[in-house]
Amino acid sequence: MGLLRIMMPPKLQLLAVVAFAVAMLFLENQIQKLEESRSRLERAIARHEVREIEQRQTMDGPRQDATLDEEEDMVIIYNRVPKTASTSFTNIAYDLCAKNRYHVLHINTTKNNPVMSLQDQVRFVKNITSWKEMKPGFYHGHVSYLDFAKFGVKKKPIYINVIRDPIERLVSYYYFLRFGDDYRPGLRRRKQGDKKTFDECVAEGGSDCAPEKLWLQIPFFCGHSSECWNVGSRWAMDQAKYNLINEYFLVGVTEELEDFIMLLEAALPRFFRGATELYRTGKKSHLRKTTEKKVPTKQTIAKLQQSDIWKMENEFYEFALEQFQFIRAHAVREKDGDLYILTQNFFYEKIYPKSN
């Protein structure tokens, strides 16, 4: 082959190189199309299965004999914020669902839009509350908080979530859009081919790294109100804080994910029995890592921190972190550098009237 290349005229060599490059581009394009076709097929199959179950519910009417006990009637919603280790945590739920006997359902919205239409909200609430075949259920997806009380629901689902330092989350998302991750390395990402670093983007005032892109964790917790998505809204941040305290069972932080999992296992063993050990030893738990991510310089971080948007998102993050650490401090003890869940530390006494 080397001798043949030497004997070929330069023009033919150039044509051969160009032909090879074109062939590679064509092959990459075909692989991308196959990947997209597979994803569309998976979504179509899932929608078909959902429709079949919903139709059976309609035809059969209410099932009077299908009353579930309290534990079996439980539903958890993890309205995951992008790039907060949500895939790592969700993989644990998938790994445990067969063993712990519950269902896991991915909420896949069109174009990953976190705001549902009003008719979809109604359908979603109906599914969550009356879909007995899927209970106990663990629902997850990039969807902003939805207040079930507005729909007249008596028993609301249990909300959980994880958030991350806002700048670290944005940096991770920036490189993810360009280089993907080790979860699906062959998938072509939206900004693939853009080699510009995050530092260069901030220095040039690019749109993908603008402070406005930090505004995500607050609206995810705030919900479906229009004001939630007005960048820099003080009302939205206050509402997000209120929801975090009053509507969420537990909100962890990416930086302390193992402790979050440990607390969930202690409090909700029906779903998370075995989760801590699985996280520590399982491969899937640590699977997804953004590729080619470069740590931003102090100058870049300082520039973003001048923004009022960063100050609000960071205030919300610090608020969530303080609440999480408060809950953890009252639930675990530390010994030799390891954390252990506290045993029951309350009991009943002076029970009257006395039984004979």
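The values are calculated or read from the model by the stated rules, or taken from the named source; none is laboratory data. Values in this document were obtained by computation on a predicted structure and should not be read as measured data. With ideal geometry, Cβ positions are generated from the backbone for all residues, glycine too; neighbour counts draw on all protein chains shown. Accessible surface areas use protein heavy atoms only, side chains included; no ligands, DNA or RNA. Shrake-Rupley method; radii C 1.70, N 1.55, O 1.52, S 1.80 Å.
For the residues LYS298, LYS303, LYS311, LYS294, the requirement of being touching a Ser or Thr at 6+ places or on another chain (Cβ under 9 Å), more than 30 Å from ASN345 (Cβ to Cβ) and open to solvent by 60 Å² or more (accessible area, probe 1.4 Å) singles out LYS294.
Scanning the stretch 333-354 for residues that are open to solvent by less than 100 Å² (accessible area, probe 1.4 Å) and either of a type outside the set (A, V, I, L, M, F, W, C) or not in a loop (DSSP other than H, G, I, E, B) (or both) returns GLY337, ASP338, LEU339, TYR340, ILE341. A residue that is part of a loop (DSSP other than H, G, I, E, B) and modelled with pLDDT under 95 cannot be found anywhere in the stretch 162-176.
Looking at the stretch 152-177, I want the residues that are more than 30 Å from ALA302 (Cβ to Cβ) and have a partner that is part of a helix (DSSP H, G or I) and open to solvent by 30 Å² or more (accessible area, probe 1.4 Å) with Cβ atoms under 6 Å, at least 6 apart or on another chain. Which pairs are those? As it stands, the answer is VAL153/THR129, since those pairs meet every condition given. For GLU42, the conditions (1) part of a helix (DSSP H, G or I); (2) under 33 Å from the mean Cα position of the chain (by Cα); (3) over 30 Å from GLY223 (Cβ atoms); (4) at pLDDT below 65 are fulfilled apart from (3).
Checked against (1) closer than 24 Å to PRO219 by Cα; (2) open to solvent by 30 Å² or more (accessible area, probe 1.4 Å); (3) touching a residue at least 12 places away in the same chain (Cβ under 8 Å); (4) out of contact with any Ser or Thr (no Cβ under 7 Å at 6 or more places or on another chain), ILE76 passes all but condition (2). Filtering the stretch 134-159 to residues that are of a type in the set (A, V, I, L, M, F, W, C), within 11 Å of VAL75 (Cα to Cα) and not in a helix (DSSP H, G or I) leaves PHE138, ILE158.
Matching residues to (1) more than 20 Å from THR254 (Cα to Cα); (2) in a helix (DSSP H, G or I); (3) open to solvent by 20 Å² or more (accessible area, probe 1.4 Å):
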| site | (1), (2), (3) |
| --- | --- |
| VAL81 | no, no, no |
| THR84 | no, no, no |
| ILE92 | no, yes, no |
| ALA98 | yes, yes, yes |
| VAL104 | yes, no, yes |
| VAL115 | yes, no, yes |
| VAL122 | yes, yes, yes |
| LYS126 | yes, yes, yes |
